[in-house]
1. Only one of 92, 114, 118 is in the same structural domain as residue 162 (by TED's automatic domain parsing), within 15 Å of the chain's Cα centre (by Cα) and either more than 16 Å from residue 152 (Cβ to Cβ) or assigned to a loop (DSSP other than H, G, I, E, B) (or both). Can you tell me which?
2. Quick one: residue 99 ticks every box in (1) at pLDDT below 95; (2) under 24 Å from residue 208 (Cα atoms); (3) part of a strand (DSSP E or B) except a single one, so which number is it?
3. Test each condition in (1) out of contact with any strand residue (DSSP E or B) (no Cβ under 9 Å at 6 or more places or on another chain); (2) in a helix (DSSP H, G or I) for residue 152 and report the one that comes out false.
4. Look through the stretch 172-222, keep the residues that are in contact (Cβ under 8 Å) with a residue 24 or more places away in the chain, surrounded by 16 or more Cβ atoms within 10 Å (Cβ to Cβ) and touching a strand residue (DSSP E or B) at 6+ places or on another chain (Cβ under 6 Å), and return whichever of them is nearest to residue 113 (Cα to Cα).
5. Could you list, in sequence order, the residues of the stretch 49-60 that are at pLDDT below 95 and surrounded by 14 or more Cβ atoms within 10 Å (Cβ to Cβ)?
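The values are calculated or read from the model by the stated rules, or taken from the named source; none is laboratory data. Here the structure is a predicted model, which means the values were calculated and not measured. Heads up, the Cβs are rebuilt from the backbone with ideal geometry, glycines too, and the neighbour counts pull from every protein chain shown.
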């Protein structure tokens, strides 16, 4: 085999491998037009192809119908995800179609996670009121948005982190319309969520999305800096608090501890009282516990036990 033949042989092999891992021609990860990977959501397959080209191979991948592709934090580090360097904790694409009618009817399948503590827990109510596609893992401190595009996830998490920081926020849309909001009531009253999502599909949205993404990443860092620690301690304050190494409902922890202390002191007092009654008395009488009247040693030397005392 001459040099040219060897070149052509390895070139063909290289092209096949490239097609397989880039998602072309129905390769390993599905390819264009639905591919051969068993996924039924063609839009999810399209995103799978795109993000393999951007992020590389997923850490976890299932090609079956209802499958999943996961990129963990380590694989995302140092990657540019279209609008800036990555600040997500995880990215997940699922072969699913979750119907979502706000701000317009579409289907969700793309999950974007950020790692931030939410304190006090009461703030979570506002975050969950933002969209049906937002949720929070309270023990892992993972807040995530599940939408039909990365752009929508960026918008959702950007607004969520603005609300957590409790600050006046101003956003300039691509059409030069300014939106100002401070809390969830503002967001609902002027339809901040809907307007910002719709603006992601405008022709000149790239700079707008870069600004939103930059703001999101800054918000994540600011929220983390305000927290004493990011690592979970195994307690979600809205459900339980850690006191004396035990779990108690948060608003009743002190009360329960006081009740436990009182019960412990009462128990000790009762035991001491019974022990005192069990001692021989000055008149030669002898009492046993709370049955003293039945277990009394009489002066005449007689001894009675329990319910036979009267006998």
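1. Just a single option satisfies the conditions, and that option is 118.
2. Failing condition for residue 99: (2).
3. Answer for residue 152: the failing condition is (1).
4. 220
5. Once the filter is applied, which keeps residues that are at pLDDT below 95 and surrounded by 14 or more Cβ atoms within 10 Å (Cβ to Cβ), the stretch 49-60 yields 49, 50, 51, 52, 54, 55.
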